[in-house]
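Taking it in order: structure first as C-alpha cells, then the write-up.
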Amino acid sequence: MNAFLTPLEVNQLTGAARAKKQVAWLREHSIPFIHDGNRVIVYHSHVKLVAEGRPPNFSSGPNWSAIK
C-alpha cells in the first residue's frame, strides 16, 4: 500500500472532485493534508487516526524548557 491516498481515494473520501472542495472537507474534518496547488495529498495513516478518534499530533519542535 502506498503511504498516500490516490486522487480517486481523496475524491471518494471527500465526495468532491475539485481540490478546493476537497481541502474544505479535509479541514472541516481535521484531516491533515498538503495542497500543492494542483493536488491534494493525504496520508493513509492520518485518515485512519482521525477515523479512530485519535487526531494526529504534530510537534512544533523540542520542548527546550524541559531541559535542565
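I need to check one value: relative contact order of region 7-55, counting alpha carbon pairs closer than 8 Å and at least 6 residues apart, in percent.
So the answer I get is 28 percent.
Output the peptides 29-38, 42-51, 2-11 sorted from most to least packed, where packing is the average of other Cβ atoms within 10 Å over each peptide's residues.
42-51, 2-11, 29-38
Let me see the P(r) profile for the chain: every Cα-Cα distance counted, bins of 5 Å, each bin given as a percent of all pairs.
3, 16, 25, 21, 13, 7, 6, 4, 3, 1, 0
Computed from the coordinates by the stated procedures, all read-outs in this text should not be read as laboratory data. All values derive from a computational prediction rather than experimental measurement. Here Cβ is always computed from backbone atoms with ideal geometry, including for glycine, and neighbour counts include all displayed protein chains.
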